[in-house]
Every structure is written in C-alpha cells, then in structure tokens.
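Data block below; observations after.
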Amino acid sequence: MTDQQQAADRDTVTAELAGRLWRAEADRVAINPISQAWPDLTVDDAYVIQTRNVQRRLAAGRVICGRKIGLTSRPMQEFLRVFEPTFGVLLDDMFVDDGDEIALAELIQPRVEAEIAFVMGRDLAGPGVTTSNALTAIAGALPALEIGDSRIADWRIQLVDTVADNASSGRLVLGGKLTAVTGLDLSVIGMVISRNGAPLHTGAGAAVLGHPARCVAWLANKLASFGDVLRAGDVVLSGALHRLIPVLPGDVFRAEFGHLGAVTTHFSYAGDRGDTGQVA
C-alpha cells in the first residue's frame, strides 16, 4: 500500500470515528471506546478527530473561547492510567453562569472537578514558552468548576479516546471574581469542594504539573505544533485539583479557593442519565 493510500485510509477512519462521537453527543447515548474499534489509533489521529468535530461546531455557529488542559494532576493520571497532558477546545455553548442550574438531560454521564481558570491578557505563542512567560501573559485567575462528560460508555477511556472526545469536555462554570496573579503563589492556593454542603475533597495549585501557570506554558507550546496560539481573552482551564466526582440528580457543588473566591453550580432533578453506561 502506498503512503497516499495509507493516508486516505486514515482519513476515512478518522472521519468515521468522528461521526460516531458526534452522533453519541447529539443522541445523548454513550458508545464503546473508539480505541477498541481501531487499536492502531494514535494521539495524532485522535487530535484529527477532535478537530473534525470542533469544525462542525464552528460551522454551526459556535465560537472558540479557549482551551481546557486535562491529565495534569496525579489523581487524574492515576484514574485514567495515562501520564501526559491533553487539551480540548472550549466553545461558547459550554459556559454556564455561576450559580445557574445545569440540565442533566443535556449530558450523558457528567462528573465535576474544581480547577483554577485563567483569562489570557495577551497572545501567547510557543515554542519555548516558560512558566514565567505564561504568568506575564495572564490577565487574571478565576475559580472554576468543570463538568466533564464522556461520550464513551462508563468512562472506559484510553488516552486516544479522551483526546478524540474533545478531552471529555461538557460544561464549565466560572466564578465572578477575576484576580490578578501578580504577587500570588498559585502553587499553594488551596481549594475545598463540597457537594450539598458536605466537604468532599481538598487540593492546591501544585496538583497540576507543580504550578498552574506551567500548564498554560505547556499548552502554548503544544498548540505551536498545530500552528496555533493562545489569544488574548481566551479562557484556559488548568486541570483538576482532585478526583472526578460523579453527579447525582439535584446535586449542588461549591468550590472555595484561597484568594480567588468561590464558584457554585447545581444540577436538575429531571433527565438524569447518571453513569448508566448506555451504549449505542
């Protein structure tokens, strides 16, 4: 088989797998891992699949508002049994206002995690970006709750599954207080997350690659390999500070951060799918 034929075959496969994930999200029904359907899938292939579905969203009128970084903390790496960060794309329809309700019927098997979010003050382009470069490019930090969702049944994901599935993105909630990072040691900022008033987990900024701004530097350098940059105004989620928390109907989550303030969201009672593992 010629190189041209192999490239055409991979193009066909990535298009077909992108279609499976697209339909899974539209139908709210999880599918079996795509890594099982095509065991030779590479991380590069997975980013091609991610990009295909992002382009579909853009064609439908959505707008890119930033990026999320995944697998930056040891608990998440242990949970997913992988040991390198990933990124996904944040689009305008993923954002939920602080305190607002999230409809469970719009998701498949949501899980919550508290994160430090950043708003970029200027463009940041790799390669060669350092943590200090990232800090000078950040306009400020926000408390955030990310609601991850997987189109893969029972979260049985390998690295390529989550990358292809836009880093298992669902929704995100940002707090209303933007805090300048000048003078803050982000690595020691503490966090406690509670569900229905009961504390569940604690964490600190050092949980994500040792320093949250280091995650921003990693992302800028990674995007450079795709010919892209972080842009002024982009929101960047730096990664989970604790293990994923499954959602039950009616749950209320609140994350409180030192220096950054708090952020809250709650889930509807209707339309729960939980971790049912429905498979198309």
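Quote the charge dipole size of the chain about the Cα centre in Debye, to the nearest 20; the model charges only the Cβ of Lys and Arg (+1) and of Asp and Glu (-1).
Working: 25 positive and 33 negative charges, 63 e Å.
With Lys and Arg at +1 and Asp and Glu at -1, about 300 debye.
Under a no-solvent Debye model with one identical scatterer per Cα of the chain, what's log10 I(q)/I(0) at q = 0.07, 0.11 Å⁻¹?
Values, matching the q order: -0.24, -0.59.
Taking amide H atoms as placed 1.01 Å from N in the peptide plane, list the residues 5 or more away in sequence, or in a different chain, whose amide H sits under 5 Å from that of Ile31.
For Ile31, the qualifying residues are Ile152, Ala153, Ala280.
Among Val96, Leu107, Gly61, which residue has its Cα positioned farthest towards the positive end of the charge dipole of the stretch 55-122, with +1 placed on the Cβ of Lys and Arg, -1 on the Cβ of Asp and Glu, and the dipole taken about the Cα centre?
Gly61
Quick one: what are the phi-derived ³J(HN,Hα) couplings along the stretch 196-208, Karplus 6.51/-1.76/1.60 with θ = phi - 60°, whole Hz, x for glycine and proline?
Going residue by residue, I get 6, x, 9, x, 10, 9, 10, x, 9, x, 5, 5, 10 Hz, with x marking Gly and Pro.
On a C-alpha basis, how far is the centre of the stretch 28-58 from the centre of the stretch 203-241 in Å? Whole number, if you could?
22 Å
List the residues, sorted by chain then number, that are 5 or more residues from Leu90 or on another chain and whose placed amide H is less than 5 Å from its amide H.
Distant-sequence amide H within range of Leu90: Cys65, Gly66, Arg67, Lys68.
Thr12 versus Ser194, label points 7 Å from Cα toward the beta carbon: distance in nm?
5.7 nm
Suppose we flag chymotrypsin sites (Phe, Trp or Tyr not before Pro) only when DSSP calls them loop and at most 13 other Cβ atoms lie within 10 Å. Which is the longest uninterrupted stretch of the chain? Each step should come with its number before you reach the end.
Details: sites that count: Phe83, Phe226, Tyr269.
Here the longest segment lacking exposed loop sites spans 84-225.
What percentage of the solvent-accessible surface of the chain, computed with a 1.4 Å probe over protein heavy atoms, is contributed by carbon and sulfur atoms?
Values: 5910 of 11630 Å².
Carbon and sulfur together cover 51 percent of it.
In the stretch 134-278, with Lys and Arg counted as +1 and Asp and Glu as -1 at Cβ, which of these residues, Phe226, Ile245, Leu142, has the Cα nearest the positive end of the dipole, that is, farthest along it?
My answer, from the dipole projection, is Leu142.
Short version: ³J(HN,Hα) in whole Hz for each residue of the stretch 137-142, in order, from phi by Karplus 6.51 cos²θ - 1.76 cosθ + 1.60 (θ = phi - 60°), x for Gly and Pro, what are they?
8, 8, 6, x, 10, 9
Quick one, could you list the DSSP H helices from the chain stretching 18 Å or more along their long axis (Cα atoms) with average Kyte-Doolittle hydropathy of 1.6 or above? Please list the in-between numbers first.
Working: long enough: 3-27 (36 Å, -1.00); 43-59 (24 Å, -0.50); 212-224 (19 Å, 0.55).
None pass (Cα extent of 18 Å or more, hydropathy at least 1.6).
Averaged per residue, what accessible area in Å² does the stretch 56-113 show with a 1.4 Å probe, protein chains only?
Numbers: 2470 Å² over 58 residues.
Using a 1.4 Å probe on heavy atoms only, each residue of the stretch 56-113 averages 43 Å².
Charges at C-beta only: +1 for Lys and Arg, -1 for Asp and Glu. How large is the resulting dipole of the stretch 36-180 about its Cα centre, in Debye rounded to 20?
On the way: 14 positive and 20 negative charges, 55 e Å.
Roughly 260 debye for the stretch 36-180.
The values are calculated or read from the model by the stated rules, or taken from the named source; none is laboratory data. Small disclaimer: the values here were computed from a predicted structure and weren't measured. So basically every Cβ, Gly included, is an ideal-geometry build from the backbone, and we count neighbours across all protein chains shown. Note: areas computed on protein heavy atoms with side chains; ligands, DNA, RNA excluded. Shrake-Rupley method; radii C 1.70, N 1.55, O 1.52, S 1.80 Å.
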